[in-house]
Amino acid sequence: MKLIKKKELFPTICISYTIISLSITLLEVIKHNEFSNDQFNLISMFVWTSIAVFVLSQHYRFEKFSALTMILVQYLIEMFLIITTIYISGFFVSINPNGYKDVFRSFTIPYVIGAGIYYISLYRFVKKANNSLKFIKEHSMKI
């Protein structure tokens, strides 16, 4: 049996919790043949989180643009996809008249925080890699 390393523990807990929560939610939906608001919200949060993580992971496709343009384009793509999921879900469940406005707020605030953390860590990683390359280049010239 493989032991989980310390740095893999939290992501493993998060993945396990997500799988268990979604499984229980989907089994309840199948059993009762209808969505409750809580079940719908849990599934929606998973879908929207997946959209945000996937679009953020595609940052390398936007490298030719400035960082601000890249972040704005990614945000607009994500909002379009999320609004589309709300529109489609409107065929299956009733949407609150303020639903679009509410999802705009409830997605934008965590997105700004999450994207900020993501891009700051990416910037630090690239800066560290560039420093390493510079160090190797300078020391290889001396040899």
Practice problem: Enumerate by residue number the GluC sites (Glu not before Pro) in the range 63-143 meeting two conditions: DSSP loop (anything except H, G, I, E, B), and at most 12 other Cβ atoms within 10 Å of the site's Cβ. | Solution: Glu63
Practice problem: Determine, from the Cβ-Cβ distance of Ser50 and Lys127 and an R0 of 35 Å, the FRET efficiency 1/(1 + (r/R0)^6), rounded to the nearest 0.05. | Solution: 0.75
Quiz item: Quick one: which of Lys64/Lys137; Lys6/Lys128; Lys6/Lys137; Lys5/Lys128; Lys101/Lys128; Lys7/Lys101 span more than 32 angstrom between C-alpha atoms?
Solution: Lys6/Lys137; Lys101/Lys128; Lys7/Lys101
Quiz item: What Rg and what Dmax come out for the chain when only alpha-carbon atoms are used, in angstroms?
Solution: 20.5, 72
Quiz prompt | Rg/Rh ratio calculated on Cα atoms of the range 61-118 (Kirkwood radius) | solution = 1.07
Practice problem: Please list 70-77, 103-110, 6-13 highest first by mean number of surrounding beta-carbon atoms within 10 Å per residue. | Solution: 70-77, 103-110, 6-13
Quiz item: Once the Cα gyration tensor of the range 1-79 is diagonalised, what are the square roots of 5 times its eigenvalues, in whole Å and ordered largest first, as equivalent ellipsoid semi-axes?
Solution: 31, 22, 8
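Values quoted throughout were computed directly from the atomic coordinates according to the rules given, and no laboratory measurement underlies them. Bear in mind the structure is a predicted one, so any value in this text is a computation, not a measurement. Glycine gets a Cβ as well: all are built from the backbone with ideal geometry, and neighbour counts include every protein chain shown.
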